[in-house]
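Peer 1: For reference, the structure I am asking about is given below.
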Amino acid sequence: MNQRIRNFIKALPGTNRLIHSKLWKSLRYRIILSASERETSTFTGFLRLPTQFDALSGPVIHFLFSNRQSFLIKIIVLGCSNGAEAYTVASVIKNRCTGVSFRVHAIDINEEILNKAKSASYSSEEVLNNKIITDNFINTTFHKENDRYTIRENISQHVDFGVADITGEDLISVCGTADVLFVQNVIFHMKPVVQERTFRNICKLLNPRAALFVDGMDLSIRTRLTRKMKLVPLEYEIEKIHNEARRARAVGWPYSYWGLEPLSKSRKEWQRRYATIFLKKETSI
């Protein structure tokens, strides 16, 4: 459509109000989701969703221990990229959950980016790309020397890295099962049909009692599949976590598949739609 036609349409009575309405934006986004080419990305950051990590060190840990004694918590981070999320998980548990034993297994298909993760060394740009990262997190997670931030050994020793394809049928044989599973800002880069197959595949990794962190997935697909698989949304600061996720992604809605819509409590099952943390109980799936 050339610019003259666009200008003509915009000049029609009521057009401006229509294109800024929630209904029109929702319709446009649905079209974008079905028609867009999806792209891979290695972009990530430390402590990207702070309230999500409050949930990890609070209600999620409490849930895992509610029916059993002390044990080694196994955490898998899929699509770990440069290791920022895996090290964040380890730092949060190490510094907030005294006495909790845990191991973080971080997985990615890209061996080059995994070498970066294994180095445990980052530039200031890589650490500070999250504008709301806290000084306390930085001080307890890194040794800083000049412009380099190196993960403290008492944190890095809890993390290991491996290669796997999260869409592969052999994923569980490579990774085993987990008490906590992170797969964030990965699945929405896939076509809808691949998202569904991948989500079912990764859910096989969940132990009978486990927690799934899954930001970055087409909301309608996530809503339908978590319901079908009887995963229970964790009703902890859902709106706050959603708005933290929108800090970077709101600009993409409704123009890009990676955009994130405003939270609407008028939606049916809004907690399930907007939650990013789901619990699998012994009776689930």
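The values are calculated or read from the model by the stated rules, or taken from the named source; none is laboratory data. These numbers come from a predicted model, not from an experiment. Cβ sites come from the backbone with ideal geometry, for glycine too, and all protein chains shown count toward neighbours.
Peer 1: Could you look through the range 226-246, keep only residues that are under 20 Å from Gln52 (Cβ atoms) and without any contact (Cβ under 8 Å) to a residue 40 or more places away in the chain, and pick out the one that is surrounded by the fewest Cβ atoms within 10 Å (Cβ to Cβ)? I'd like the intermediate steps shown before the answer.
Peer 2: Just the residues of the range 226-246 that are under 20 Å from Gln52 (Cβ atoms), to begin with: 226, 231-246.
Filter once more, so that each one left must be without any contact (Cβ under 8 Å) to a residue 40 or more places away in the chain: 238-239, 242-243, 246.
Working: Ile238: 22, Glu239: 13, His242: 21, Asn243: 17, Arg246: 17.
For the range 226-246, the residue satisfying everything is Glu239.
Peer 1: Is there a residue in the range 182-193 that is over 20 Å from Phe43 (Cβ atoms), exposed (fewer than 14 other Cβ atoms within 10 Å of the Cβ) and of a type in the set (Val, Ile, Thr)?
Peer 2: yes
Peer 1: Here is a further query. For the subset of the range 210-260 comprising residues that are in contact with a Gly (Cβ under 8 Å, 6 or more places away or on another chain) and not in a helix (DSSP H, G or I), which member is nearest to Tyr29 (Cα to Cα)?
Peer 2: Trp253
Peer 1: Something else: So Asn136 ticks every box in (1) surrounded by fewer than 24 Cβ atoms within 10 Å (Cβ to Cβ); (2) in a loop (DSSP other than H, G, I, E, B); (3) not aliphatic (A, V, I, L, M) but one. Which box is left unticked?
Peer 2: That leaves (2) as the condition not met.
Peer 1: Being surrounded by fewer than 18 Cβ atoms within 10 Å (Cβ to Cβ) and either in a helix (DSSP H, G or I) or not assigned by TED's automatic domain parsing to the domain that holds Phe182 (or both) is the filter here, so list the residues in the range 139-165 that pass it. It would help to see each step written out before you state the result.
Peer 2: Applying the first criterion (surrounded by fewer than 18 Cβ atoms within 10 Å (Cβ to Cβ)) to the range 139-165 yields 139-140, 143-148, 150, 153-154, 157, 160, 162-163, 165.
If the condition is that a residue be surrounded by fewer than 18 Cβ atoms within 10 Å (Cβ to Cβ) and either in a helix (DSSP H, G or I) or not assigned by TED's automatic domain parsing to the domain that holds Phe182 (or both), then Asn139, Thr140, Glu153, Asn154 are the ones that fit.
Peer 1: Inside the range 251-285, can you point out the residues that are touching a Pro at 6+ places or on another chain (Cβ under 8 Å) and free of Cβ contacts under 8 Å to residues at least 40 places away in the same chain?
Peer 2: Passing the criteria: only Gln271.
Peer 1: If a residue has to be in contact with a helix residue (DSSP H, G or I) (Cβ under 7 Å, 6 or more places away or on another chain) and surrounded by fewer than 13 Cβ atoms within 10 Å (Cβ to Cβ) to count, how many in the range 28-41 make the cut?
Peer 2: Final tally of qualifying residues: 2.
Peer 1: Here's another thing I want to ask about it. Of Ile75, Ile61, which residue is within 24 Å of Val232 (Cα to Cα), aliphatic (A, V, I, L, M) and in contact (Cβ under 8 Å) with a residue 40 or more places away in the chain?
Peer 2: Details: Ile61 fails: in contact (Cβ under 8 Å) with a residue 40 or more places away in the chain.
Within the list Ile75, Ile61, the selection yields Ile75.
Peer 1: Out of (1) β-branched (Val, Ile, Thr); (2) over 22 Å from the mean Cα position of the chain (by Cα); (3) crowded, with 17+ Cβ neighbours inside 10 Å, the odd one out for Ile93 is which?
Peer 2: Every condition holds for Ile93 apart from (2).
Peer 1: Looking at the range 261-273 only, could you name the residues that are touching a helix residue (DSSP H, G or I) at 6+ places or on another chain (Cβ under 9 Å) and assigned to a loop (DSSP other than H, G, I, E, B)? Even if it seems obvious, please write down each step before you answer.
Peer 2: Within the range 261-273, the first condition is being touching a helix residue (DSSP H, G or I) at 6+ places or on another chain (Cβ under 9 Å), and the residues that meet it are 261-265, 267, 269-273.
Of everything in the range 261-273, those that are touching a helix residue (DSSP H, G or I) at 6+ places or on another chain (Cβ under 9 Å) and assigned to a loop (DSSP other than H, G, I, E, B) turn out to be Glu261, Pro262, Leu263, Ser264, Lys265, Arg267, Glu269.
Peer 1: In the range 98-117, which residues are free of Cβ contacts under 8 Å to residues at least 12 places away in the same chain and either over 26 Å from Phe43 (Cβ atoms) or not in a helix (DSSP H, G or I) (or both)?
Peer 2: Listed by number, the list holds a single entry, Thr98.
Peer 1: Looking at the structure I just gave you, is Glu269 modelled with pLDDT of 95 or more and not aliphatic (A, V, I, L, M)?
Peer 2: yes
Peer 1: Among helices (runs of 4 or more DSSP H) lying entirely in the range 21-91, which contain 3 or more residues that are charged (D, E, K, R) and either outside the structural domain of Tyr122 (by TED's automatic domain parsing) or on the phi < 0 side of the Ramachandran plot (or both)?
Peer 2: Working: elements: 22-35, 50-55, 61-65.
Of the helices (runs of 4 or more DSSP H) lying wholly inside the range 21-91, those with at least 3 residues that are charged (D, E, K, R) and either outside the structural domain of Tyr122 (by TED's automatic domain parsing) or on the phi < 0 side of the Ramachandran plot (or both) span 22-35.
Peer 1: Ok, one more. Restricting the search to the range 186-201, which residues are in a helix (DSSP H, G or I), out of contact with any helix residue (DSSP H, G or I) (no Cβ under 7 Å at 6 or more places or on another chain) and touching a residue at least 60 places away in the same chain (Cβ under 8 Å)?
Peer 2: Phe188, His189
Peer 1: Can you tell me how many residues within the range 78-107 are out of contact with any strand residue (DSSP E or B) (no Cβ under 7 Å at 6 or more places or on another chain) and either within 22 Å of Asn201 (Cα to Cα) or not polar (S, T, N, Q) (or both)?
Peer 2: Residues in the range 78-107 being out of contact with any strand residue (DSSP E or B) (no Cβ under 7 Å at 6 or more places or on another chain) and either within 22 Å of Asn201 (Cα to Cα) or not polar (S, T, N, Q) (or both): 6 in total.
Peer 1: Another question about this same structure. Which numbered condition trips up Phe213, out of (1) surrounded by fewer than 16 Cβ atoms within 10 Å (Cβ to Cβ); (2) under 20 Å from Ser57 (Cβ atoms); (3) aromatic (Phe, Trp, Tyr)?
Peer 2: Among (1) surrounded by fewer than 16 Cβ atoms within 10 Å (Cβ to Cβ); (2) under 20 Å from Ser57 (Cβ atoms); (3) aromatic (Phe, Trp, Tyr), Phe213 violates only (1).
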